[in-house]
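To start, the structure under review is shown below, and the notes come after it.
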Amino acid sequence: MPPPPAPAEIETRLHAILTEHAGLEGPVLPILHAVQAEWGHVPQETLPLIAEALNISRAELHGVVSFYHDFRDAPAGRHMLKICRAEACQARGGKRIEDAARAKLGVDWHGTTADGGVTLEPVYCLGLCATGPAAMLDGRVVARLDETRLEALLSEAGA
Ligand code: FES
């Protein structure tokens, strides 16, 4: 079943974004980034219009959107918790923290809690390798995470 047509305001703004990127070489990613910056995610209803403007198939475009985890198909939660999954943090017990966070939030990577409160994302190094496991809550980095500090971080995020 084809997606419903884009509401007029989305269509208007999207046309402006497409015009701004017209003539760009390799415009798919810049356009998707601009769309996500505009709406906080890539609304499904924008995809047919973007595909048409770029003269590519919807399947191709969908492939790009789903390949890059940076692109969200739904708005992120009110808080963004990123946990470092890179090697140094893993060696310092990061896996335990990851598992605890996923269990406590009840979501997997890239997921958002049912109340829309917290989105959980992986990140690969926050520059705190010597003091890991590390995480970032709404842009603020936190080092030396253990279960207690994670609990405090999650309750700060309202989880
Ligand atoms: S590996 Fe986690 S902060 Fe560098």
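Read-outs: derived from the displayed coordinates by stated rules, not from any lab. Everything numeric in this text was worked out from a predicted model, so none of it was measured. Don't worry about glycine lacking a Cβ; one is built from the backbone with ideal geometry, like all the others, and counts go over all protein chains shown.
Shape analysis of the chain based on the Cα gyration tensor places the equivalent ellipsoid semi-axes at 35, 17, 13 Å, largest first. Summarising the strand pairing of segment 1-139, around 40 percent of its internal DSSP beta bridges are antiparallel. Between the listed residues 57, 150, 106, the Cα displaced farthest toward the positive end of the dipole of segment 23-159, a dipole computed from Cβ unit charges relative to the Cα centre, is found at 150. Each Cα pair under 8 Å and six or more residues apart adds its separation to the average, and for segment 30-159 the resulting relative contact order is 23 percent. In the chain, excluding the sites themselves, the longest stretch lacking any of the trypsin sites (Lys or Arg not before Pro) that are in a DSSP loop with at most 15 other Cβ atoms within 10 Å is 1-77. With 0.36 nm allotted per residue and the present C-alpha distance subtracted, the residue 152-residue 131 stretch has 5.8 nm of extension available.
The gain in end-to-end length when the residue 41 to residue 68 segment is fully stretched comes to 8.5 nm, 0.36 nm per residue minus the alpha carbon separation.
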